[in-house]
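Worksheet for the structure shown next.
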Amino acid sequence: MQFYLDGFKVGDPFVCEAVGEPVDPDVLPDAVDVLIIGCGPAGLTLAAQLAAFPEIKVRIVERKGGPLELGQADGVACRTMEMFEAFGFSERVMKEACWINETVFWEPDKADRRNIVRSGRVQDTEEGLSEFPHVVLNQARVHEFFLDAMRKSPTRLQPNYSRHLIDLQIESGGSGAEGAGYPVTARLERTDQEHEGEVETVRARYVVGCDGAHSTVRKLLGLSMKGDSANQVWGVMDVLAVTDFPDIRMKAVIHSAGKGNLLIIPREGGYLVRLYIELDRLEEGERLERRNITSERLVEAARRILHPYTLEVKEIAWWSVYEIGQRLCDRFDDVPEEEVGERLPRVFIAGDACHTHSPKAGQGMNVSMADAFNLGWKLASVLLGRSKPELLYTYSAERRTVAQELIDFDRKFARMISAPPRAEDGSSDGVDPKEFQRYFVQQGRFTAGVATRYGPSLITAESVHQDLARGFVIGERFHSAPVIRLADAKPVHLGHTVKADGRWRIFAFADRRDPADLSSAIQRLCRFLEESPESPVRRHTPEGADIDSVIDVRAVFQQGHRELALQEMPSFLLPRKGRYGLVDYEKMFCPDLKSAEDIFEMRGIDRERGCLVVVRPDQYVAHVLPLDAHEELAAFFARFMLDANWRNPGLATRAPSWRSSE
């Protein structure tokens, strides 16, 4: 972490200097840039990202009277942990959470099918998939980490609770009239006792519905969820219990003979355990509410499945029942497909508001936060005048594809985990527990959250030069690897330089030549980026701003860090920044040769030619190019970015301050 750029300050360096008027938790302003409906995982992810930009006026409202105290979701995928690192709280999550290291599988005992026996044991996530583990932590704690990030941001953003959205109106047309820059009008009803029934009106440039499966925003847009139900009821409970089941602190999948199936998820703290318990099938058209299901029934069902092991529940922290189903919305914004290109999106939906599925695969909270992370930087880039507003089309296009893949995976996963074990002689329908184990392993990249791959688009290039960096797949997340920082010999992860600050990254992986050689490709690249009028860094960075405030360029050399002289490296990689013109020494890296973790080998980078890897603000690889493809690099950014002197009063009436987030 870097701080003191603009002068020494006492106190917590993680707390940004406050900018602008503080948020009044009791009163909503008349107009905002972005109004977020809902304080779930998606809403808070979006709010925390936008809170980093003091130029953008954001409010987030929630129907409940305060923050979540006990959440339903708990699984945090490896990819989500990478995102938490970008927000600055991955270490806090890892310290508090329960790590899921291995998964065990149980099936009916062949000697006595009334009993269960362990049939398999696998590593939960494959080696090298991510530097972060798969963990479990109460959703309310995840919310608190985002709220803390908002409190420490320049805007000191905090939610306005006890507000229920009752109406949305979207003006047609573009700009010109008074207030046309705020084309969305939201009416919200107060639900707190002191102001119950009062209606507030807020005009917004953009509204984002993160208000859950029963989303009011979705309904007001005239959108609906489409899908089906498996007519299968499951119970879930968090318990403190005493048991002789040996794998109670492991993630365990249990298929029993004729008594149902069970999924065990150990929880944080060392004692708490979550049980997903198979119950009944519903009749066609039957509603779950008609079943009189009690917590005692869930406990008894769990005991039957665990036989011959015992289960003595001492306390139930939380329990619920649910029906398995998968549903998906046709689009995630307010623009019908036939009107794309004719008008721009102004209202979006994210998370459970546009896709729902069963909880056992642990994807709901993770995919919801990924929706918001995808949308947040795009809204900021458009509002700050950095990018063309057509960028916003890519949100629905990218994230609906991901949601469809999740629905397809969840449908098969839920079916297999709900099916009875196949009889030993194959005479009955059902699933072979060993087949489920194989499927679990095969789908490891998906459940870890790293299988997402965005197709070619305005912001994701074709894979023409993919052979230069086979381990940085275009459209997939930037897979971090260990490196040594040249200036101070500190071992770091390269991917951890990509923070949730809205900036693009260019990682220049040098060829074999000495980077001090003025004729080397890395030297020529740096001269182009620093001096040429066609340089994307020069074109898209406002005059007077720090050189890395929009596009952050970093270099990775092939030589060991002791073989290079810092003062002989390109001056562009030692930029002067801030009010004092201080030197940023954290732009250059070398392979971690001491630990035999050479990033060039690990990520399949062409040693003879080197390459450029362009990374989006949400940590996804947008392009791979040769080191000397200067014109092609500039042309890529020109597809969606605006020159720094561009201003559109309909989108950003306030000039961006382009404050450095280092």
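The values are calculated or read from the model by the stated rules, or taken from the named source; none is laboratory data. Worth saying up front: this structure is predicted, and the values here are computed from it rather than measured. Counting neighbours? That spans all protein chains shown, and the Cβs are built from the backbone with ideal geometry, glycine included. What goes into the accessible areas is simple: the full protein's heavy atoms, side chains included, and nothing from ligands, DNA or RNA. Shrake-Rupley method; radii C 1.70, N 1.55, O 1.52, S 1.80 Å.
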Determine if region 530-552 includes at least one residue that is over 27 Å from ALA370 (Cα atoms), touching a residue at least 60 places away in the same chain (Cβ under 8 Å), hydrophobic (A, V, I, L, M, F, W, C) and buried (at least 20 other Cβ atoms within 10 Å of the Cβ). no
Suppose we filter region 496-521 for residues that are within 29 Å of GLU85 (Cα to Cα) and either assigned to a helix (DSSP H, G or I) or without any contact (Cβ under 8 Å) to a residue 24 or more places away in the chain (or both); how many remain? 2
Taking region 5-52 and keeping residues assigned to a loop (DSSP other than H, G, I, E, B) and in contact with a Pro (Cβ under 8 Å, 6 or more places away or on another chain) leaves CYS16, GLU17, ALA18, VAL19, GLY20, PRO25, CYS39, ALA51, ALA52
Any chance ASP228 is touching a Gly at 6+ places or on another chain (Cβ under 7 Å), open to solvent by 20 Å² or more (accessible area, probe 1.4 Å) and outside any loop (DSSP other than H, G, I, E, B): yes
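Is it fair to say VAL76 is within 26 Å of the chain's Cα centre (by Cα) and surrounded by 20 or more Cβ atoms within 10 Å (Cβ to Cβ)?
Taking the combined requirement at face value, the residue satisfies it.
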Looking only at residues in region 14-52 that are closer than 20 Å to ASP501 by Cβ and exposed (fewer than 12 other Cβ atoms within 10 Å of the Cβ), which one is modelled with the highest pLDDT? GLU17
If a residue has to be closer than 18 Å to CYS16 by Cβ and either in contact with a Phe, Trp or Tyr (Cβ under 9 Å, 6 or more places away or on another chain) or open to solvent by 20 Å² or more (accessible area, probe 1.4 Å) (or both) to count, how many in region 53-73 make the cut? 3
Is it true that some residue in region 279-292 is among the acidic types (Asp, Glu), outside any helix (DSSP H, G or I), at pLDDT below 90 and in contact with a strand residue (DSSP E or B) (Cβ under 6 Å, 6 or more places away or on another chain)? yes
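So that you can scan it fast, the table gives a plain yes or no per residue for (1) part of a strand (DSSP E or B); (2) more than 30 Å from the chain's Cα centre (by Cα):
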{"site": "TRP234", "(1), (2)": "yes, no"}
{"site": "PHE245", "(1), (2)": "no, yes"}
{"site": "VAL253", "(1), (2)": "yes, no"}
{"site": "LEU262", "(1), (2)": "yes, no"}
{"site": "GLY270", "(1), (2)": "no, no"}
{"site": "GLU296", "(1), (2)": "no, yes"}
{"site": "LEU328", "(1), (2)": "yes, no"}
Among (1) in contact with a His (Cβ under 7 Å, 6 or more places away or on another chain); (2) open to solvent by 30 Å² or more (accessible area, probe 1.4 Å), GLU338 falls short only on (1)
Can you name every residue in region 301-316 that is surrounded by fewer than 14 Cβ atoms within 10 Å (Cβ to Cβ) and either at positive phi or under 37 Å from the mean Cα position of the chain (by Cα) (or both)? LYS314, GLU315
For strands (runs of 3 or more DSSP E) lying entirely in region 71-182, having 3 or more residues that are within 30 Å of TYR276 (Cα to Cα) picks out 98-100, 102-108, 116-123, 134-136
Limited to region 450-500, what total is found for residues that are of a type in the set (Phe, Trp, Tyr) and farther than 28 Å from ARG386 by Cβ? 0
Single residue of LEU593, LEU518 found to be touching a Gly at 6+ places or on another chain (Cβ under 7 Å) and not aromatic (Phe, Trp, Tyr): LEU593
Within region 435-486, residues being among the small types (Gly, Ala, Ser) and open to solvent by less than 30 Å² (accessible area, probe 1.4 Å) number 9
Report every pair of residues separated by at least 6 positions or lying on different chains whose Cβ atoms are under 9 Å apart, first residue within region 252-272 and free of Cβ contacts under 8 Å to residues at least 40 places away in the same chain and more than 13 Å from GLU96 (Cα to Cα), second surrounded by 21 or more Cβ atoms within 10 Å (Cβ to Cβ) and among the β-branched types (Val, Ile, Thr). ILE264/VAL253; ILE264/ILE254; ILE264/VAL273
Does ARG607 qualify as being open to solvent by 10 Å² or more (accessible area, probe 1.4 Å), more than 23 Å from LYS499 (Cβ to Cβ), touching a Lys or Arg at 6+ places or on another chain (Cβ under 9 Å) and charged (D, E, K, R)? yes
